[in-house]
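Remarks on the structure that follows.
The values are calculated or read from the model by the stated rules, or taken from the named source; none is laboratory data. This structure is a prediction, so every number in the text was calculated from the model and none was measured. Using ideal geometry, Cβ is built from the backbone for each residue, glycine included, and neighbour counts are taken over all protein chains shown. Ligands, DNA and RNA are stripped out before the accessible areas are found, and what is left, the full protein with its side chains, is counted by its heavy atoms. Shrake-Rupley method; radii C 1.70, N 1.55, O 1.52, S 1.80 Å.
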Amino acid sequence: AFEKETFHLTKSEIIAQLATDSLNYDIMFKALNDKDALVRKSVLDNLKIVPFSLESEYRKILKDSSYTNVELALDILAKNFPENIDAYLNITKDEFGWRGNNIRIKWLEIAIQSGKKHYFKELIDYTSLSYDFEARINAFNLLKSFNYCDDTVINNSFQAMAYWHFKLRDAAKSYIQYFAQQTEFNKLMNKLLEKSIIEQNKKQMIKLLIQR
C-alpha cells in the first residue's frame, strides 16, 4: 500500500501504524527518503526511538529542505545517540531555520545541555529587541526551562511586557512570574524595575506580577 500510495496523509497513516505495531525498516528507509517533506516528517513524528540501522538516514534529514524536519531530526538524534552530539551540532552549526530561529534555538538547547555553557550568551541575546518576537519567545521559554535568570534577561522581559504582540507578552509574563517565586530573583526584579525606563502603567503591571 505504501508503494502504491501518493497522498502524504495516507502514507503518514501507514507510517504511524508501522512505527507502533510492527516496525518495517524497509518502509521507514523509503519514507525518510520520500520526496514529500510531510512524509519524512511523519517518520520523525512517530519513530522517536531510532534503531542504529536508521541513524544514517536520520542524519541525512539534518540537511533537509524542511526547517521543521531539521529541528526534529536534530533533537531525536541527540537523544538517541548522545555520543554523536558534536557531529550533529557541527552539521547544523550554520542553520537558523525559519520563524523564531527554530533550528538555532534547538541547536543552542542541545549544545548547552551537552556542557557548552558559553552558548548561554547567545541564547540570552535572543531575548532582546534585536530579534523577532518569535525568536524572543523561544529564548524566554528555553531559559525558563534551564532555570536561568540574570539582569539582562530580566530587563529584556520587562521590555517584552510592553511589546504589541500578546504571545511575546505572555512568554515574558510567564518568565517573570516563574522567577518572582524565587526570593533571590524577586529582590533583583524589584531592584531592576525601579530603574527601568518602561512606561509607568507597564511598570505597575509588572510590579503586581512580582508581588509575593
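Quick check on region 94-146: what are the equivalent-ellipsoid semi-axes from the Cα gyration tensor, as sqrt(5λ), descending, whole Å? Write out the running numbers ahead of the final one.
Numbers: eigenvalues 53, 30, 17 Å².
Semi-axis lengths for region 94-146 are 16, 12, 9 Å.
For region 72-182, the alpha carbon positions stretch 41, 30, 20 Å along the principal axes, listed from largest to smallest.
Calculate, in nm to one decimal, what Phe96 and Gln181 gain on full extension: separation in residues at 0.36 nm each, minus their alpha carbon distance. If you can, show how the numbers build up before the last one.
Numbers: separation 85, 0.36 × 85 = 30.60 nm, distance 3.33 nm.
Full-extension gain reported as 27.3 nm.
Counted without the sites themselves, the longest stretch of the chain free of chymotrypsin sites (Phe, Trp or Tyr not before Pro) in a DSSP loop having at most 11 other beta carbon atoms within 10 Å is 8-163.
The calculated FRET efficiency for Ser65 paired with Lys195, based on their beta-carbon distance and R0 = 35 Å, is about 0.15. In this calculation the C-beta distance from Phe7 to Lys167 is compared with R0 = 35 Å, giving a FRET efficiency of 0.60. Adding -39500 (n - 2.57) for every DSSP H run of four residues or longer, then dividing by how many residues the chain holds, sets the calculated 222 nm ellipticity at -19500 deg cm²/dmol. Which pairs in the list Lys117/Lys144; Lys121/Lys207; Lys144/Lys167 are over 23 Å apart, alpha-carbon to alpha-carbon? Correct reply: Lys121/Lys207. With all protein chains in place and a 1.4 Å probe, the accessible surface of the chain carries 52 percent carbon and sulfur.
Ranked by the mean number of other Cβ atoms within 10 Å per residue, highest first, peptides 99-106, 79-86, 39-46 order as 39-46, 99-106, 79-86. For region 145-197, a Kirkwood hydrodynamic radius built from all Cα pairs, placed in the Stokes-Einstein relation at 25 °C and 0.890 mPa s, yields a translational diffusion coefficient of 220 µm²/s. Accessible surface comparison of Leu23, Leu18, probe 1.4 Å, protein chains only, largest first: the order is Leu23, Leu18. For the pair Asn80 and Glu55, the difference between a 0.36 nm per residue extended length and the Cα-Cα distance amounts to 8.1 nm. Between the C-alpha center of region 74-104 and that of region 24-71 there is a gap of 14 Å.
Of the Cα atoms belonging to the chain, the radius of gyration and Dmax stand at 20.9, 67 Å. Length available on full extension from Ser128 to Leu23: 0.36 nm per residue minus the Cα-Cα distance, which gives 33.3 nm.
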